[in-house]
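Worksheet: the structure to be examined is printed underneath.
The values are calculated or read from the model by the stated rules, or taken from the named source; none is laboratory data. Remember, predicted model here, so these are calculated numbers, not experimental data. When we count neighbours, we look across all protein chains shown, and the Cβ atoms used for this are built from the backbone with ideal geometry, even at glycine. Ligands, DNA and RNA are stripped out before the accessible areas are found, and what is left, the full protein with its side chains, is counted by its heavy atoms. Shrake-Rupley method; radii C 1.70, N 1.55, O 1.52, S 1.80 Å.
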Amino acid sequence: MKLKKILLVVLAVLVVFIIGIMLFVSSLKPTYDGKKELVGLSKEVKVHYDNYGIPHIYAKNEADAFKALGYVHAQDRLWQMEVLRRIGSGGLSEVFGKDLLETDKFFLALGIDEASIKTVKKLKMEGQMVALSQAYLDGINQFIEEGPTPIEFYLTGIEKEAFVFKDVYNIAGYMAFSFAMAHKTDPLLTNLRDKLGMAYLEDLEVSVDPNTTFIKNFTKDTTAFVQNKIVAVMSNALDKLPVPQFIGSNSWVIAPSKTKEGKVILANDPHIGYSQPTVWYEAHVETPTYSMYGYHIGGMPFPMLGHNKNLAYGITMFENDDIDFYYEEQHPTDSTKYNSQYGWKTYGQVSKTIKVKDEEDVHFNYKTTIHGPVLNGIANQISGDRPVAMSWIYTRVENKLMDAVYGMSHAQDIEEFQKSLPKIHAPGLNIMYGDAKGNIAWWATAQLYQMADSTNTKFILEGKDGKQEYLRYLDFSENPQAVNPSWNYVYSANNQPDSINGRLYPGYYLPENRAKRIVELLEPKNDWDKKSVSEMILDEKSSVNTSILIDLAKNVDLKKLEDAQVKMLDILNAWDGDYPLESIEATVFHRWIYHFLKNTFEDEMDEELFKDFLATHFHKRVIAPMAAKETSVWWDNIATKDTLETHKDIIHLSFVEAFVSLEQEFGADTSKWTWDKVHTLEHGHPIGKIESLRSFFNVGPFPVSGTREVINNLAFPYDETGLYKVSSGPSTRRIIDFSDIENSISILPTGQSGNPFSTHYEDQAEMYINGEFRKMMLNKEEIVKTAKSVLVLHPEN
């Protein structure tokens with residue numbers, strides 16, 4: 001009897017415990033329905049949530065609408081907001097521990113936080129941009145005070161703190177730096193030049209490829225190898241970031257004369273590192289003076305992508321060069337001074353303190369020059385070498401980015417929209433535009449600057465004599481752009497823009513693969529509609545890769561191959577360059593390319609430099625020209641002293657090595673070497689790095705079709721594993737059709753919510769993998785009628 005009572009007591013305690021856990025978990029979920037008092041509201045706001053958790057906010061005025069937006073954004077994405085605002089201010093180590101110290105030092109040294117402080121001090125705390133931004137922050141902060149604490153805060157042990165205006169600019173600063181590519185590429189190319197000589201770089205065609213598919217312009221007016229260590233510092237700092245980086249993107253806008261219904265169609269898929277939660281938060285906001293279906297970055301009040309019934313806009317990355325490195329000459333006897341065009345100057349000294357989880361605070365100092373922070377000293381491995389300073393346009397000129405994004409989201413027509421664009425100084429963005437009146441446009445936005453003709457900004461420059469400084473800032477009218485061009489479409493795939501006034505702008509543009517495919521599809525067709533554009537945005541065919549394959553295959557010595565290898569070569573020769581899950585050709589091709597790159601470059605570069613080389617966009621640009629180049633200084637393997645290797649030797653060896661490695665990994669039956677076995681996508685959450693929590697926080701992995709540098713661009717790094725874990729790709733796929741604007745479509749990679757207890761945490765993940773879309777609802781009657789839930793926010797009683 002006693003045992004029975006004990007069992008009953010244990011059972012009762014267990015039930016209470018389970019109920020307690022369930023109640024706790026339930027308390028952490030976002031609130032999508034009911035009524036909630038929101039401090040400072042002047043009128044009631046209704047938030048209708050659709051089937052995918054997208055809020056449709058209806059308010060009587062913009063201040064109330066943006067306060068509501070801040071609240072609902074925070075309840076789905078507060079953890080993401082928290083991590084994003086900590087990057088620029090060096091606050092990641094406080095959350096994730098000492099492993100993020102190097103990252104915190106690096107971002108503090110960039111000066112994002114100090115630039116944000118200066119920008120906020122200069123702001124006239126009046127005007128609509130500031131007022132609406134503050135309303136948005138007030139909404140976030142009320143959720144912080146009253147809403148449930150996201151589980152990540154419990155797991156990391158950090159406290160919630162109110163958001164301030166500086167946080168908005170710190171998040172924008174991280175975004176701006178994430179777009180840049182010079183931070184990895186300039187030191188790498190300088191190292192290759194100094195280590196190997198210019199002949200090696202000339203063979204890599206560092207300058208613009210003469211066969212480039214340019215984006216056409218059309219206006220209405222017609223040493224100690226310190227650089228190698230810098231690359232390592234950059235890579236280590238960025239690779240450890242617990243948030244995604246901005247990578248590339250596609251967009252095209254089709255004029256009425258090329259569409260079936262005679263109305264503009266805009267397509268956009270910004271390429272960003274995959275993460276959980278996904279980057280964009282969708283919100284549809286309606287007031288008597290403002291209407292926008294927007295895509296928001298956590299902590300930023302105005303959408304970077306958006307549309308309404310009048311106009312639509314999207315972005316891709318410009319990839320312009322907005323970072324320059326300078327060697328500084330240190331005084332021979334006074335380590336506090338450096339030489340400059342103004343004579344000997346005293347280094348600036350900056351002291352910072354970083355809070356570290358479960359550790360003592362860390363204090364560190366770094367120097368600054370007229371160019372920017374001296375990178376030596378921000379990490380132990382480069383202290384004591386020749387000083388290298390980094391000049392970044394983002395921190396050099398007045399920051400009006402938020403004014404620009406506010407203006408874009410509030411514009412009524414193309415003239416108003418364009419007026420905001422000169423305020424974007426960094427990051428460099430291609431702004432894509434279309435409207436209901438039939439206008440289409442592309443503008444490359446950034447504060448561009450002119451250097452002396454002899455200056456090559458892809459190498460570390462000399463800072464002592466002033467000969468390699470900015471000559472002038474360019475007026476926005478000199479930026480590449482095309483407004484209502486005669487060919488009736490505009491596009492961007494991060495490729496090189498054509499010249500204006502005879503000048504090509506230096507940058508880190510991606511290969512022409514996607515650009516060529518976009519033009520190839522757009523040019524001949526004049527009856528585009530939403531269905532055909534949605535098929536195009538999922539296109540996975542690469543004509544460039546099949547051309548590369550032709551150049552490779554003709555150099556393989558068939559007499560030295562085994563029968564199975566000859567048969568595989570025959571299969572490859574018939575490949576049309578597509579990437580379905582069952583493709584064998586895709587698997588073999590990319591394994592071959594990796595070995596081709598490794599056998600071509602690693603002997604001269606060494607293992608560390610070769611790894612850095614693969615971490616840049618630059619290596620993607622050299623694959624096609626090197627496959628076709630019969631004579632090159634790179635072909636000889638310097639490790640084989642008695643043999644002079646040729647183009648054919650390297651290509652043949654690489655094919656055999658690729659075949660053998662696949663045989664060892666998957667067996668002799670080549671029919672099983674399918675793309676789905678090696679090409680997968682997993683959306684990683686920062687806490688999902690803990691193996692026991694991975695399945696709870698991460699989404700995936702999924703086998704996925706597509707590949708890098710096709711329109712459906714699913715990028716992955718090359719390494720010795722031969723597995724292609726997709727790291728970045730379309731952060732959304734949007735198609736805005738002005739002939740049926742209320743039925744425009746999009747998709748997110750996982751879901752709208754960043755809260756793992758929300759039903760919308762991953763409810764779009766399989767749709768995204770399968771290439772499906774959902775409606776972006778604009779019609780109020782339909783929204784109200786079909787709403788899954790309604791949250792009513794009302795003023796204080």
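With a simple spin-label model that places each label point 7 Å from the Cα along the Cα-to-Cβ direction, the separation between S335 and D361 comes to 2.5 nm. Once you sort the root eigenvalues of the Cα gyration tensor of the chain as a ≥ b ≥ c, which label holds: rounded (a/c under 1.5), prolate (a/b larger than b/c) or oblate (the other case)? Cα axes put the chain in the rounded bin. Using heavy atoms of the protein chains and a probe of 1.4 Å, the accessible area assigned to D563 is about 120 Å². Under a Cβ-Cβ cut-off of 10 Å, what is the net charge of the residues other than P795 that fall near it, where Lys and Arg count +1 and Asp and Glu count -1? Neighbour charge sum, excluding P795 itself: -3. Taking every protein chain into account, the 1.4 Å probe leaves R591 with about 10 Å² of accessible area, to the nearest ten. Place a point 7 Å from the Cα of E630 along the Cα-to-Cβ direction; which residues of segment 537-581 have their backbone N under 12 Å from it? Only 555 pass the distance filter. Among the listed pairs K516/K541; K559/K598; K98/K689; K260/K525; K46/K780, those whose Cα-Cα separation exceeds 18 Å are K559/K598. As a rough guide to protection, the peptides 768-774, 264-270, 332-338 ranked by mean Cβ packing within 10 Å, highest first, stand as 264-270, 768-774, 332-338. Inter-part distance, segment 573-621 to segment 40-111, computed on C-alpha centroids, equals 38 Å.
With the convex hull drawn over the C-alpha atoms of segment 93-136, the volume per residue is 88 Å³.
Working note: Cα atoms of segment 631-688, range along each principal axis, descending, whole Å: 50, 35, 19. Here is the list for segment 110-169: GluC sites (Glu not before Pro) lying in DSSP coil, each with at most 10 other C-beta atoms within 10 angstrom of its C-beta, are E126, E159. Only helical DSSP H runs with n ≥ 4 go in: add -39500 (n - 2.57) per run for the chain, normalise by residue count and round the 222 nm mean residue ellipticity to 500 deg cm²/dmol. Helices in the chain give a 222 nm mean residue ellipticity of -11000 deg cm²/dmol. In segment 76-158, inverting the average of 1/r over every pair of distinct C-alpha atoms gives 14.6 Å as the Kirkwood radius. For segment 413-464, just say rounded, prolate or oblate: build the C-alpha gyration tensor, square-root its eigenvalues into a ≥ b ≥ c, call rounded for a/c under 1.5, and beyond that prolate if a/b exceeds b/c, oblate if not. Taking the square roots of the gyration eigenvalues as a ≥ b ≥ c, segment 413-464 is prolate.
Dividing the alpha-carbon radius of gyration of segment 257-386 by the rule-of-thumb value 2.2 N^0.38 Å gives 1.73. Taking a Cβ cut-off of under 10 Å around A436, the surrounding Lys, Arg, Asp and Glu residues balance to a net charge of +1, with basic ones at +1 and acidic ones at -1. Go through K258/K531; K166/K355; K122/K345 and tell me which ones have a Cα-Cα distance over 23 Å in this structure. Over 23 Å apart, Cα to Cα: K122/K345.
Does segment 482-547 come out rounded, prolate or oblate by the C-alpha gyration tensor, with a ≥ b ≥ c the root eigenvalues, rounded set by a/c under 1.5 and, if not, prolate when a/b is larger than b/c and oblate if not? Note, shape of segment 482-547 comes out oblate. Loop-located GluC sites (Glu not before Pro) in segment 440-496 (DSSP state not H, G, I, E or B) with no more than 10 neighbouring Cβ atoms inside 10 Å do not occur. Ranking N479, Y274, S758 by how far each Cα lies toward the positive end of the dipole of the chain (charges on Cβ) leaves S758 at the top. When the chain is described by a simple charge dipole with +1 on each Lys and Arg Cβ and -1 on each Asp and Glu Cβ, the residue from I247, G90, A131 located farthest towards its positive end is A131. Placing +1 on each Lys and Arg Cβ and -1 on each Asp and Glu Cβ, with no other charges, gives the chain a dipole about its Cα centre of roughly 1920 debye. Treating cross-link reach as a plain straight distance, find the lysines whose alpha-carbon is under 17 Å from the alpha-carbon of K677, omitting any fewer than eight places away in the same chain. Once the sequence-local lysines are set aside, what remains near K677 is K725. Restricting the GluC sites (Glu not before Pro) of segment 520-614 to loop positions (DSSP other than H, G, I, E, B) with no more than 14 neighbouring Cβ atoms within 10 Å leaves E562, E582.
Roughly speaking, what is the centre-to-centre gap between segment 427-472 and segment 308-324 when only Cα atoms are used, to the nearest Å? Using only Cα atoms, the two centres lie 13 Å from each other.
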